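Peer 1: Please read through the structure below; I'll follow up with questions.
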């Protein structure tokens, strides 16, 4: 090559680079691999590393000279949490506020894929309008035990229900141009020592229960981002696990999005990069220095670094920000509030009704309980939202034209103000959410005076919890306090003596004990934590403006200790941090359920255990009453090329319009691997059916969905034989059963990864 040719090429390259820098971002960077490779080639080492590193606590670094914008995040998963800059500064510092959507447990109880999609649309629209690129949610860990602090965030105890709702949430949000971040990947099922706790779980339980929900949501929803969890999984931090982040997530499931750490990265930053964790949050200069040093030393290869950078770039080009969207910061708050009210009502579960509901609307109500007036929209922690208002039960009833006796309200409001002031003076309430105020004992005379002036009583029971701590099996938490029981009994005694009814509303994020007191009131409505329009949603259901169609997405046990995992969950601990040395300079022994947790229940989580072991429950998985009745007819199963299609006709046989959620459970043929008596494989919900109206529902299940994980072969296996397919109103209310015959066994080989260091001594149920 002569000097003239070299000069010409160099000049062309120089002009090309200059021209590139004058192009718009859209022209400069597309999903075209060649153009992305060209951009990567122009980036310095420092610029590449900056892209894998948080810029502020709620944004990641772009490359301005190349037109690559920063990415903006906002905590969810139930409302756009930050609006001032990029930090965790409270929205209350401004006049701004965000829509507070119903919590995960409330959305799950709708059993509605359609509503989950609309929910995601509403969230995605609000994020996009407010200039945010990523929703840090949905949170979709399994509700392994009722007292996990973040139970309200997570959907369900069942991976299939979890997965399908998360999938539709994802599609709805990303159709609006806003990415979701599925979290927390994986096995983040307790808050106690969550940064260090080692979740020790068998490969089978891991694959069938704790990864299955992520697998389905990844494959069917294609989320643009995923968040690795804080915890250790079988001896390795999840954010540093190549087996979890690359072998399973990317190689087996075929996913190609961004993995980000949860907000707090470990010092093993180099290992995180190599494992496939693209983005380190919330970022520190020391992390950048470790990555740069790792590249220079060869510990991180150029290919590994460029792989992570490419993942970031391929996400950026999808964003409305990159495409020039103008952020108005004017979301359609009225439409979103209407969605909150609708979703909140549809997720409410009618647990009991002895002829008192629906109310006629002309009754005068005696409204009792602190949370009737201080309603809980959602839980504490990162899921909390600066909301413009919370509609309480009094406001909801009165907004629907119902007369509420003023005497209890006047008393409770004074009590709330006094108690809040007292607790604040004593240093309470400094965490991520306001604590639930304790109930005060009501005098018999006060109850009697109000009863004489009212037609019906409504008593609200409240509970709250969230990020940073787990709940307890104790009074005031999982169980009612002595004061709560006394108030309930005294209210019921007074009203029942006068021939009047009492309704209990449960304003809770997670499960509480009900078996010991559910016989006392005439009706029980499980409202969950239904968002900022919660009081209106409660009133809509109580008055029959909305016929309750919610069903339990988690089992209500008779007693806490009935859960097989209850002995492998934190209890009686005083220090949640792992101490490296004790007072004698010796390393203390790891503490069970704090430093490590054994998942000895294996696959027997929730109803899988209770139905197989024949253990009585207070309310079963999938349970929920209606103001009407439904008949199931013509259950049928038709084999397909890779599974079967199930159909059933549902008819409204009652006198009012309503919806019904049909659940499809499967019993596997005997022999081979130990299996639960029943496993949810699909579900579907009717439209609102008028009295006498019918609808045929269709559900599909493929053979892979029937498979169990065989650790010996590192393979998913569907045994040949006859599968019992059950059409059910709940796991305890099967309405029809049809056989599906799988003529030959099926097998799907996967990688042998993520095994515990020592075998888990799992329980034997059968």
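Peer 1: Would you mind finding the one in 765, 725, 731 that is closer than 30 Å to residue 648 by Cα and either free of Cβ contacts under 8 Å to residues at least 40 places away in the same chain or in contact with a helix residue (DSSP H, G or I) (Cβ under 6 Å, 6 or more places away or on another chain) (or both)?
Peer 2: Values: 765 fails: closer than 30 Å to residue 648 by Cα; 725 fails: either free of Cβ contacts under 8 Å to residues at least 40 places away in the same chain or in contact with a helix residue (DSSP H, G or I) (Cβ under 6 Å, 6 or more places away or on another chain) (or both).
Every option except 731 fails the conditions.
Peer 1: Turning to a different aspect of this structure: Exactly one condition in (1) without any contact (Cβ under 8 Å) to a residue 24 or more places away in the chain; (2) more than 24 Å from residue 700 (Cα to Cα) is not met by residue 641; state its number.
Peer 2: The failed condition is (2).
Peer 1: Which number in (1) buried (at least 19 other Cβ atoms within 10 Å of the Cβ); (2) modelled with pLDDT of 95 or more marks the one condition that residue 638 misses?
Peer 2: (1) is the only condition that residue 638 fails.
Peer 1: With the structure loaded, tell me whether residue 594 is outside any strand (DSSP E or B), over 28 Å from residue 525 (Cα atoms) and touching a residue at least 60 places away in the same chain (Cβ under 8 Å) or whether it fails that test.
Peer 2: Considered against the rule, which asks whether it is outside any strand (DSSP E or B), over 28 Å from residue 525 (Cα atoms) and touching a residue at least 60 places away in the same chain (Cβ under 8 Å), residue 594 comes out as yes.
Peer 1: Within the bounds of the range 124-131, is there any residue that is at pLDDT 95 or above and either assigned by TED's automatic domain parsing to the domain that holds residue 509 or in contact with a helix residue (DSSP H, G or I) (Cβ under 7 Å, 6 or more places away or on another chain) (or both)?
Peer 2: Yes - at least one qualifying residue is present in the range 124-131.
Peer 1: Tell me which residues, restricted to the range 652-673, are modelled with pLDDT of 95 or more, farther than 19 Å from residue 738 by Cα and touching a strand residue (DSSP E or B) at 6+ places or on another chain (Cβ under 7 Å).
Peer 2: 652, 653, 657, 658, 659, 660, listed by residue number.
Peer 1: Then there is this: Which residue is surrounded by the fewest Cβ atoms within 10 Å (Cβ to Cβ), if the candidates are limited to the range 649-666 and must be more than 23 Å from the chain's Cα centre (by Cα) and in a strand (DSSP E or B)?
Peer 2: Checking each candidate, the answer is 649.
Peer 1: From the set of residues in the range 488-517 that are under 30 Å from residue 384 (Cβ atoms) and over 27 Å from the mean Cα position of the chain (by Cα), which is surrounded by the most Cβ atoms within 10 Å (Cβ to Cβ)? Working first, answer last.
Peer 2: Kept after step one, since they are under 30 Å from residue 384 (Cβ atoms), are these residues of the range 488-517: 488, 503-514, 517.
Add one more test, that the residue is over 27 Å from the mean Cα position of the chain (by Cα), and what stays is 488, 503, 517.
Values: 488: 23, 503: 21, 517: 18.
Among those that are under 30 Å from residue 384 (Cβ atoms) and over 27 Å from the mean Cα position of the chain (by Cα), it is 488.
Peer 1: Out of the residues in the range 667-685 meeting the condition of being part of a loop (DSSP other than H, G, I, E, B) and crowded, with 21+ Cβ neighbours inside 10 Å, tell me which one is farthest from the chain's Cα centre (by Cα).
Peer 2: 668
Peer 1: Residues that are at pLDDT 80 or above: find the helices (runs of 4 or more DSSP H) completely inside the range 1-86 holding 2 or more of those.
Peer 2: Details: elements: 3-22, 25-28, 33-42, 45-51.
Counting at least 2 such residues, we get 33-42, 45-51.
Table: residues versus (1) surrounded by 13 or more Cβ atoms within 10 Å (Cβ to Cβ); (2) outside the structural domain of residue 411 (by TED's automatic domain parsing); (3) touching a residue at least 40 places away in the same chain (Cβ under 8 Å); (4) out of contact with any strand residue (DSSP E or B) (no Cβ under 6 Å at 6 or more places or on another chain).
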{"site": "302", "(1), (2), (3), (4)": "no, yes, no, yes"}
{"site": "306", "(1), (2), (3), (4)": "yes, yes, yes, yes"}
{"site": "310", "(1), (2), (3), (4)": "yes, yes, yes, yes"}
{"site": "319", "(1), (2), (3), (4)": "yes, yes, yes, yes"}
{"site": "325", "(1), (2), (3), (4)": "yes, yes, yes, yes"}
{"site": "333", "(1), (2), (3), (4)": "yes, yes, yes, yes"}
{"site": "371", "(1), (2), (3), (4)": "yes, no, yes, no"}
{"site": "376", "(1), (2), (3), (4)": "yes, no, yes, no"}
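Peer 1: Would you pick out the residues in the range 296-327 that are within 21 Å of residue 119 (Cα to Cα) and in contact with a helix residue (DSSP H, G or I) (Cβ under 7 Å, 6 or more places away or on another chain)?
Peer 2: Listed by number, the residues that qualify are 320, 327.
Peer 1: Right, another one. Run down 537, 574, 549 and say which single residue is farther than 18 Å from residue 154 by Cα, assigned to a loop (DSSP other than H, G, I, E, B) and at pLDDT 95 or above.
Peer 2: 549
The values are calculated or read from the model by the stated rules, or taken from the named source; none is laboratory data. None of the values given here were measured: they were computed from a predicted structure. Glycine gets a Cβ as well: all are built from the backbone with ideal geometry, and neighbour counts include every protein chain shown.
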